[in-house]
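Following: one structure in structure tokens, then a few remarks.
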Amino acid sequence: MPDAAFLMRQRSLFAFAGKLIGYTLLAVLVFIWLGPVILVIITSIKSNDAFLAGPFALPTQPTFAPYVTVWNSLGFGRLLANSFLYAACGSALAVALALVPSFALSRFDLPGKKIVFGVILTGLMLPQQTVLIPLYDTLRTLSLLDTRIGLIIVHAAYGMPAQILILRGFMTTIPREIEKAAFLEGATDFQVFWKVILPLSVPGILVGFTLNFIAIWKEFVFGLVLLNSEANFPVTVGMLKLNSDRYMAVFNLPAAGLVISQIPIVILFLLSYRKLSSGNFAGAVKG
Amino acid sequence: MTSPNLADERTSFIRFALAHKFVAFFGILMPLAIFAVFVGYPIVFTVYLSFFEWNGMAPQKTFVGLENYQYLITDKYFHTALLNNAKWVGVTLFFPVLLGLVIAYGLRSRIIPAPALIRTVIFFPVTMSLISVGLMFLLILNPLFGAFDTILRSIGLGSLVMEWFGDYRVALYTLAVVSGWAFTGMPMILYFAGLGDVPKETFDAAKIEGAGHFRMLTQVAVPQLRPVTAVVVMLTLFESLRAFDLVAVMTKGAPFGTTNVLGYLVYLESFWNSRFGYGAALSVAILVISILLAVFVMTKLMKGAFDA
């Protein structure tokens, strides 16, 4: 029979092996998911010569020259401003449009609730490509093709279904006692919505807005098809140019472009990732 | 709630609308009107257009009946794209979903330390545009200066080095795996949240009965996570069906159209070849596939996960 000391040693050996496996997995995962990002950042602060001398070496003389070059030649100032406009206005409009429907779906026993939900889900799952041609045609008829306002409207309309699901999920968690009291006092639906539900929904609205902002910032297809002039391009469409011989000869320019395109989202991500990565909004989607 | 017949539904809606004008107007009629304009009408128009030949500019559209669909059945680009979408779905259902589940389990069961760090690092690419992701992997997988080939060579696997985008045998899988890299964070956090909802006693009981991590994952966690899996599968299917951005930035369908996916083919035929009628027919094909998948997922997998 093994003595106690042996058992102890064996147990600590197991614990050590477990830790070793754990940290190895940690290292592998971080390497796979953070490695590419770090490599891009390193590449973006190298001069041409430094990159050609050692594509993976740490930069000995960091330079911001690639950022300046790519900023000027792609007109990143305008691209970022456009993307910001689309993301901010599109999300704000989507959230605004979704507020009352969410209130209606979370608070009332609506006749035809299932139809409304079916329609929302259709809007949510519809592959964009199936509506590209009609949207293109409609916007052209309305003279909104290749305009900023046209793209904002499209983003708002397609952002709304997700917003309704998120906000409805959030609003159902608001206790009903407060509004019951308000109704007993003789408040109208609008007053309850405006004075009770809306102020209490601010955290849900912020989450919804942030998710929609990121979604529009990432969006590419609508921007590609519904815009023609470079002056209106968002970052995603403008960056397409980076995949050309002119920029791909040395990697520091595309790398710098990548970093620039992502900075606004990194800031937003750092401000809100606890909320987003906790998966709380998943509960909202599940209903 | 029992579902009344349509007439009841209508009268009860009118009664509701009269009692709650604000809610009925801004909460139901307005969103339905927006959907009618931006979702309903486009779908109807696409179906209508698929029976016509139209270059997108001319005021006249020529009615051609089922010609677009006849062409579609024999179009080898359509076949390739359809097959590619299926492969793409296969890869994304396997790689990011399974990996997301395993990582989530590893984090919850504390096999992998630093859960907050891992969640942040893996979720981060979900916030990146696929255009940025695509450009990034064009750099990483570049045959001359790419880090990936260099790593393979340095660990003695140089024989595996390929033309990741140029070789028609692997190009599509390269794209699908890159999309998986960007997408893994999504199933991971959904499963992570889902595992947090599983009662701790369930795992403790299994542990007492001597279940290892593998059995714990497959026999305890997976059945408990069914609703999450339904949502994840749904998201993954539709994400794969929408695959477009990576193709547009990385390969543009090359080599020889072998990396075309349905969504990209619609774009090419409509906006490059000016065959809007045929593009519409392709759109209808995507729509039908989406509906079939949605019905399948709803009836087989969901079982009430989206019940209002």
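For the subset of the range A:239-252 comprising residues that are more than 9 Å from chain B (Cβ to nearest Cβ) and surrounded by fewer than 24 Cβ atoms within 10 Å (Cβ to Cβ), which member is nearest to B:Gly146 (Cα to Cα)?
A:Ala249
In the list B:Glu201, B:Glu209, B:Glu163, which residue meets the criterion of being among the charged types (D, E, K, R), under 25 Å from B:Ser240 (Cα atoms) and surrounded by fewer than 23 Cβ atoms within 10 Å (Cβ to Cβ)?
B:Glu163
If B:Thr46 passes every condition in (1) crowded, with 19+ Cβ neighbours inside 10 Å; (2) under 30 Å from B:His213 (Cβ atoms); (3) in contact (Cβ under 8 Å) with a residue 60 or more places away in the chain but one, which one does it miss?
(2)
Surrounded by fewer than 19 Cβ atoms within 10 Å (Cβ to Cβ), acidic (Asp, Glu) and assigned by TED's automatic domain parsing to the domain that holds A:Trp217: is that true of A:Asp109 in this structure?
So A:Asp109 fits the description; yes.
So in the range B:248-267, with the set limited to residues that are more than 11 Å from chain A (Cβ to nearest Cβ) and either hydroxyl-bearing (Ser, Thr, Tyr) or not in a loop (DSSP other than H, G, I, E, B) (or both), which one is farthest from B:Leu98 (Cα to Cα)?
Top of the filtered list is B:Thr258.
Take A:Leu58 and tell me if it is within 30 Å of B:Ser154 (Cα to Cα) and either touching a helix residue (DSSP H, G or I) at 6+ places or on another chain (Cβ under 7 Å) or part of a helix (DSSP H, G or I) (or both).
Yes.
I want to confirm something. Restricting to the range A:221-231 and keeping residues that are assigned to a helix (DSSP H, G or I) and out of contact with any helix residue (DSSP H, G or I) (no Cβ under 6 Å at 6 or more places or on another chain), which single residue is farthest from B:Leu139 (Cα to Cα)?
Within the range A:221-231, the match that is farthest from B:Leu139 (Cα to Cα) is A:Ala231.
Looking at the range A:184-206, is at least one residue among the charged types (D, E, K, R), over 18 Å from A:Leu97 (Cα atoms) and either within 12 Å of chain B (Cβ to nearest Cβ) or surrounded by 15 or more Cβ atoms within 10 Å (Cβ to Cβ) (or both)?
no
How many of the residues in the range A:18-59 are at pLDDT below 85 and either farther than 26 Å from B:Leu138 by Cβ or among the β-branched types (Val, Ile, Thr) (or both)?
Residues meeting the conditions: 1.
When you scan the range B:275-284, do you find a residue that is touching a residue at least 60 places away in the same chain (Cβ under 8 Å), more than 21 Å from B:Leu135 (Cα to Cα) and assigned to a loop (DSSP other than H, G, I, E, B), even just one?
yes
Looking at B:Pro31, is it out of contact with any Ser or Thr (no Cβ under 9 Å at 6 or more places or on another chain) and loosely packed, with under 14 Cβ neighbours inside 10 Å?
Against the criterion (out of contact with any Ser or Thr (no Cβ under 9 Å at 6 or more places or on another chain) and loosely packed, with under 14 Cβ neighbours inside 10 Å), B:Pro31 does not qualify.
Kindly indicate whether any position in the range B:105-123 is in a helix (DSSP H, G or I), more than 8 Å from chain A (Cβ to nearest Cβ) and closer than 24 Å to A:Val221 by Cα.
no
Would you say B:Thr150 is more than 12 Å from chain A (Cβ to nearest Cβ), assigned to a helix (DSSP H, G or I) and β-branched (Val, Ile, Thr)?
Criteria not met by B:Thr150.
Is there a residue in the range B:208-230 that is polar (S, T, N, Q) and either facing chain A (nearest Cβ under 8 Å) or within 28 Å of A:Thr122 (Cα to Cα) (or both)?
Within the range B:208-230, one or more residues are polar (S, T, N, Q) and either facing chain A (nearest Cβ under 8 Å) or within 28 Å of A:Thr122 (Cα to Cα) (or both).
Filter the range A:171-183 down to residues that are touching a residue at least 12 places away in the same chain (Cβ under 8 Å), away from chain B (no Cβ under 14 Å) and assigned to a helix (DSSP H, G or I) and give me whichever is surrounded by the most Cβ atoms within 10 Å (Cβ to Cβ).
Residue satisfying both the conditions and the ranking: A:Ala182.
The values are calculated or read from the model by the stated rules, or taken from the named source; none is laboratory data. Remember, predicted model here, so these are calculated numbers, not experimental data. No Cβ is skipped: glycine too gets one built from the backbone with ideal geometry, and neighbour counts run over all protein chains shown.
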